[in-house]
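The values are calculated or read from the model by the stated rules, or taken from the named source; none is laboratory data. Predicted, not measured: the structure shown is a model, and the values here were computed from it. Here the Cβ positions follow ideal geometry from the backbone for every residue, glycine too, while neighbour counts run over all protein chains shown. Remember, those area values only see protein heavy atoms, side chains included, never the ligands or the DNA or RNA. Shrake-Rupley method; radii C 1.70, N 1.55, O 1.52, S 1.80 Å.
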Amino acid sequence: MFAQVFSAGLLGIDAFLITVETDLRMTQLPRWNMVGLPESSVKESKDRVLAAIKNSGYDFSFRKVTVNLAPAGTKKEGTAYDLPIAIALMSAAKLLSSKNQGKTLFVGELSLTGQLRRIKGTLSIAMMARSMNFENIVLPTQNAKEASIISDINVYGFDLLSDVALFLEGRSLKKPEVNTGFMLADRDAILDDKDFSDVYGQHQAKRAIEIAAAGGHNILLSGPPGSGKTMLASRIPKILPPLTIEESLETSKIYSIMGLMEDRSLLTKRPFRDPHHSVSNAGLIGGGSCPRPGEVSLAHNGVLFLDELPEFQKHVLELLRQPLESRRVTISRAQMSLTYPARFILVASCNPCPCGYLGHPRRECSCSPPQIHSYRTKLSGPLLDRIDLHIDVPPIVYEDMRGNKKESEGSEEIAKRIIDVRDLQKKRFAGKSIYLNAQMTTKMIEKHCFLEEAGEKILKSSMDKFQLSARAVSRILKVSRTIADLEKSSTIGLDHILEAIQYRSFDRK
């Protein structure tokens, strides 16, 4: 006896259709064959599925079972096939009947008692189901809220296999999950109490961070311990504009396949990722036998904060070059090549030397010149070239800490200016594949970063004096465009280009 149902698998951040076919025969010796390139976690579904069917009150006595997962040439992994395999077996064994299985897609993991458990990648699966004109999707209750954000498809969440069987036979009046839609969460409701008004002094650093957030530029903060580098970086999410619906869907798909959505339907705030300096290649960039996204992709449309940058392994840092330039990560393996998005703002911090007190006005540095040289060479020239702003963060003085605290500007005022500048950039790049100054191509730089004669002379002089690379000059032009936007100037003036050059402290050193 034969039966088939439809399910879905994951390849990168996208889902693809899988047809689960089952064939049952009565033989003397028990046999279970599963074909279609199943991984270990899929092969183990045999024991979960058979126990779940029997413990749900159904008498499954067939001895020979063949399960095919089509297309047979694509590897299958994960536990989301438990439910569709169980439904297909029960249909083939005439334990349940349904006329609507061809319009329904099934995903879900089963326990031995028949309980449905959460799976990964629900958002991508729901988007694929809608694009292929499925009417219904049946999945665990824990995933129903996440899938319900996709309109034009009925999402049914269940806790037990027996409840799914009753629903398919028309003996249950289960209603689909209500589509909550996309709502921009209130900024104060989704963010903690970290505010830029808590940061006293450091006016240049706050100005540079505002420029970086407005234009999507990468920034490196260098200063002694206790100068406020981490404090500044942790407050950046509060000045970034809310996610648009397109950005939210892009980022939520990545978090969904990693199983990080919890009870949310969509992400409503920009991600802020701060991995420890012991992170591996695969942890930062992504990888594995079946490639998974790394921190650079989890920070998509948000901020990647690398504290104590030279403490990261040098070969790990060098892997950042490609995603910083192309804003995506391509992971190639013998049997597949996957591309994950990685459009983020890199915010990094470091000390000027191993002890941290080189150039400190009140404390003496204890490092030898070779130690300082070794510490700084951990940050290669090509990597520093890809960071738009290099900022020196000086030590805090007593007057800044205990002075007039009302003079410190809050995040709300800064965020308003950044949102205005980003709206301006959206209009400038309307119809293009970019929407931030930091993403401009060479031709766009020529069009939107015109300099007058005085500005050209200053830029040429700086390139010769500091031996700037062509990439560094391009970054200076992009930053100067953002500075001009903050000043509501249609042209880049001399003061704008001078300020942008000032933010290349590592080049000057």
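Evaluate the charge dipole of the range 1-130 about its Cα centre and quote only its size in Debye, nearest 20, assuming +1 on the Cβ of each Lys and Arg and -1 on the Cβ of each Asp and Glu.
It works out to roughly 220 debye.
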Checklist entry - Expressed as cubic angstrom per residue, what is the convex hull volume of the alpha carbon set of the chain? => result 172 Å³
Checklist outcome for this item: Once phi for every residue in the range 309-325 is put through the Karplus expression 6.51 cos²θ - 1.76 cosθ + 1.60 (θ = phi - 60°), the whole-Hz ³J(HN,Hα) values, with Gly and Pro written as x, are 3, x, 6, 5, 5, 4, 5, 6, 4, 5, 5, 6, 4, 5, x, 5, 8
Next on the checklist: Averaging over every viewing direction, what projected area does the convex hull of the Cα atoms of the range 308-357 cover, in nm²?
Outcome noted: 4.4 nm²
Checklist entry - Around Y81, which amide H atoms from residues at least 5 apart in sequence, or from another chain, sit under 5 Å from its own amide H, with H modelled in the peptide plane? => result G108
Next on the checklist: Calculate the FRET efficiency for Q335 and D59 from the Cβ-Cβ distance with a Förster distance of 51 Å, rounded to the nearest 0.05.
Outcome noted: 0.80
Checklist entry - Given only helices, namely DSSP H runs of n ≥ 4 each adding -39500 (n - 2.57), what is the per-residue ellipticity at 222 nm of the chain, to the nearest 500 deg cm²/dmol? => result -10500 deg cm²/dmol
Checklist outcome for this item: Cα extents of the range 55-111 along the principal axes, largest first, in whole Å, come to 32, 27, 22
Checklist entry - What percentage of the solvent-accessible surface of the range 302-345, computed with a 1.4 Å probe over protein heavy atoms, is contributed by carbon and sulfur atoms? => result 46 percent
Checklist outcome for this item: With every protein chain kept in place and a 1.4 Å probe, the chain has an accessible area per residue in Å² of 46 Å²
Checklist entry - Among the lysines, which have Cα under 20 Å from the Cα of K488 when same-chain residues fewer than 8 positions away are ignored? => result K206, K416, K426, K427, K447, K478
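Rg over Rh of the range 243-394, using C-alpha atoms and the Kirkwood radius, what does it come to?
Radius of gyration relative to Kirkwood radius: 1.04.
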Checklist entry - Which percent of Cα pairs goes in each bin when the distances of the range 197-289 are cut into 10 angstrom slices starting at zero? => result 13, 35, 35, 17, 1
Checklist entry - T27 accessible area, nearest 10 Å², 1.4 Å probe? => result 50 Å²
Item to check | Span per principal axis, largest first, for the Cα atoms of the range 89-180 (Å) | outcome: 34, 27, 22
Next on the checklist: As a test of the definition: which semi-axes, in Å, follow for the range 1-146 when you take the square root of five times each eigenvalue of its alpha carbon gyration tensor? Largest first, please.
Outcome noted: 23, 16, 15
Item to check | Label-to-label distance, nm, for residues given as R207 and M258 (7 Å Cα→Cβ offset) | outcome: 3.5 nm
Next on the checklist: Given contacts defined as C-alpha pairs under 8 Å and at least six residues apart, what's the relative contact order of the chain, whole-number percent?
Outcome noted: 13 percent
Next on the checklist: Checking the cross-link filter: which lysines have an alpha carbon closer than 27 Å to that of K46, excluding same-chain neighbours under 8 positions apart?
Outcome noted: K54, K64, K75, K76, K94, K99, K103, K120
Checklist entry - Using 1/(1 + (r/R0)^6) with R0 = 25 angstrom and r between the beta carbons of K416 and H276, what's the FRET efficiency to the nearest 0.05? => result 0.15
Next on the checklist: Please report the antiparallel percentage of DSSP beta bridges with both residues in the chain, rounded to the nearest 5.
Outcome noted: 45 percent
Next on the checklist: As an exercise, use a Förster radius of 56 Å and the Cβ-Cβ distance of K314 and M132 to find the FRET efficiency, rounded to the nearest 0.05.
Outcome noted: 0.75
Checklist entry - With every protein chain present, what accessible area does C449 have (1.4 Å probe, heavy atoms only), rounded to the nearest 10 Å²? => result 10 Å²
Checklist entry - Of F2, F450, F466, F106, which has the most accessible area with a 1.4 Å probe, and how do the rest follow in descending order? => result F450, F2, F466, F106
Item to check | Computed log₁₀ I(q)/I(0) - Debye formula, equal Cα scatterers, no solvent, the range 423-509, q 0.21 Å⁻¹ | outcome: -0.99
Next on the checklist: How much length would be gained if the chain were fully extended between A51 and T230, taking 0.36 nm per residue of separation minus their Cα-Cα distance, in nm to one decimal?
Outcome noted: 59.3 nm
